[in-house]
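Structure first, commentary second.
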Amino acid sequence: MQPKFLGAIVAALAAVFLLAWKTPVTQDGHSESALHERMEDLNSTLRRVNRLVKDKQKISEAVDLVVEMEHDVLDAKGEVPPRADKLEGAVRDSFVLGYRRDMIKLLVMLTELEMACLEGNTDAAQAVVERLVSHRNASHELYQDEE
Ligand code: HEM
């Protein structure tokens, strides 16, 4: 076999291994979506933020975490929830548009939260977290797949 082809085969195999390694697989053997991963990240960061914003001495530590969440939301905003696969035509279009709008609303809330944390305003920050959690719950009702 020519070295050129051998090189191509090795590169292709390496790409397959890399993909398999990068794609998380659930216990029942299904691949998790990139969106799911961003959501899990958002969840664990929100827990830490929620603790920090209650404490005047620690609220400034929340700033970088909130910025991390903003990046996660920017990524998630470009994804399409798996539930869209079950829809077609205009219904699917309005589902995807609604999802995007609600992601943008979340991003706006996060920038408000960032501002409150920068200002050291624990009351304002906790109020934003409360709104954010209601928005999360309402959005999950609309866009998460029913099991
Ligand atoms: C900071 C706010 C949010 C947090 C902490 C969060 C957290 C999570 C978590 C932990 C999951 C996985 C749940 C499970 O597997 O049972 C999830 C899934 C999901 N969330 Fe969120 N979420 C937030 C906001 C939103 C918003 C605003 C939307 C829609 C605009 C949304 C749409 C979804 C969708 C579609 C899934 C299913 C993803 C999939 O399985 O591929 N989430 N979220």
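None of the figures in this text is laboratory data; all of them are computed from the coordinates on show. The structure presented is a predicted model; accordingly, all values stated were derived computationally and were not measured. Quick reminder, even Gly has a Cβ in these numbers, built from the backbone with ideal geometry, and neighbours come from all protein chains shown.
Some points to look at:
- Multiplying the residue separation of residue 123 and residue 50 by 0.36 nm and subtracting their alpha-carbon distance yields 25.1 nm.
- Measuring r between the beta carbons of residue 64 and residue 141 and using R0 = 25 Å, the FRET efficiency lands at 0.25.
- Were the residues from residue 43 through residue 8 laid out at 0.36 nm apart, the gain over their Cα-Cα distance would be 8.5 nm.
- Expressed as a fraction of 2.2 N^0.38 Å, the C-alpha radius of gyration for the stretch 39-104 is 1.45.
- Fraction of alpha-carbon pairs over 19 Å apart in the stretch 33-143 - percent: 44 percent
- Among the GluC sites (Glu not before Pro) in the stretch 68-122, those placed in a DSSP loop whose Cβ has at most 12 other Cβ atoms within 10 Å are 88, 119.
- For the stretch 78-131, a Kirkwood hydrodynamic radius built from all Cα pairs, placed in the Stokes-Einstein relation at 10 °C and 1.306 mPa s, yields a translational diffusion coefficient of 123 µm²/s.
- Residues in the stretch 88-100 carry Karplus couplings, in order, of 9, x, 5, 5, 5, 4, 6, 4, 5, 5, x, 4, 5 Hz; the curve used is 6.51 cos²θ - 1.76 cosθ + 1.60 with θ = phi - 60°, and Gly or Pro positions show x.
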